[in-house]
Amino acid sequence: MAGFDIVFISSSDAISNVDLKKLSEWCIRIINRENKGYDFYSWKTGLESYSQYSAHTGLLLANDSVLGPLFSIKDIIARLENHEGDIVGMTNCLLFYPHLQSYFLYCKKAVIVSKEFIDFFNRVEVLEFKMAIIRRYEVGFSRLLGRRFKLSALYDLDSAMNRFQPGDRPKNWTEPTSHLWKPLITELKFPFLKKSLLTRRGVSMEEISATLAESGSTYNVNILADWIAPPYNMNTHKRSSGPALKKSVAGPDPWWDNSALNNRRENKRI
């Protein structure tokens, strides 16, 4: 799909045989694993199961925390491949430390065969608290890999803040897919909608429909109704996620240090 081979990873016990058959038409591997851990642990499972990933020209790590695509992503794929960055995400964030958000990360060949990449995933363990995962793995991934590789976001936070000027909110505490979701979609044709807008923030279908209509998106909003749910429990929800591959801890870690995370220095590589 879009030139990628797909490894689908899920911790759901509700996938039917019919669904598995449909998935098998699109995926080179399907992994239904034990219900523990979040996206980084899922990706670790996938990389261990499909060790051939290093033979591919690139690796896209994606999870199901976003819905879409709201627009065609063909140009997005081309932008990822042609971008000067070695690791390219959709959005970046300054919370805790400048980092790429992990729902969509494209890693080029030099990254996925590097010692830093391999060491990072070898150290990934099961964590059950969302904020701990963000700090240790989402932020840690950018901190460790950013020492050697160039990190970039297609929808950069600085550019978005300068363009949209959302009041007096500090950049350090702006989560673009939540706080800037409307202008990202209407002005920049951002192709994803954060699932938590529906499940936790209570954004209405009417508001989302109006935003998509203004943007010119032809996305079927009826699909979103499946995600209007009771209050979200971030400590028990499990994601389905998986890497897509482009065809052709014991002791303190240097990239995981609380004092360093709290020192929010500007990272010019993001």
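With a 1.4 Å probe and all protein chains kept in place, how much accessible area does HIS83 have, in Å² rounded to the nearest 10?
50
Given the pairs LYS44/LYS189; LYS21/LYS195; LYS44/LYS109, which span a C-alpha to C-alpha distance of over 28 angstrom in this model?
Correct reply: LYS44/LYS189.
When the accessible area of segment 10-87 is computed with all protein chains present and a 1.4 Å probe, what percentage of it is carbon and sulfur?
On segment 10-87, the fraction of accessible area on carbon and sulfur atoms equals 49 percent.
How long are the three semi-axes of the equivalent ellipsoid of segment 61-194, in whole Å, if each is the root of 5 times an eigenvalue of the C-alpha gyration tensor, listed from largest down?
That gives 24, 18, 14 Å for the three semi-axes.
Would you tell me the accessible area of VAL66, worked out with a 1.4 angstrom probe on the heavy atoms of the protein chains, in Å² to the nearest 10?
The accessible area of VAL66 comes to roughly 20 Å².
Please give the length that would be gained between GLU81 and ALA2 if that part of the chain were fully extended, namely 0.36 nm times their separation in residues minus their C-alpha to C-alpha distance (nm, one decimal).
27.2 nm
Computed over the Cα atoms, what is the radius of gyration of segment 39-114 divided by 2.2 N^0.38 Å, N being its residue count?
Taking the Cα Rg and dividing by 2.2 N^0.38 Å, one obtains 1.15.
List the aspartates and glutamates whose Cα lies under 18 Å from the Cα of LYS36, skipping any in the same chain that are fewer than 8 positions away.
Correct list for LYS36: ASP13, GLU48, ASP64, GLU125, GLU128, GLU138.
The values are calculated or read from the model by the stated rules, or taken from the named source; none is laboratory data. Just so you know, these numbers come straight off a predicted model, no measurement behind them. Calculation scope for accessible area: heavy atoms of the full protein, side chains included, ligands and nucleic acids excluded. Shrake-Rupley method; radii C 1.70, N 1.55, O 1.52, S 1.80 Å.
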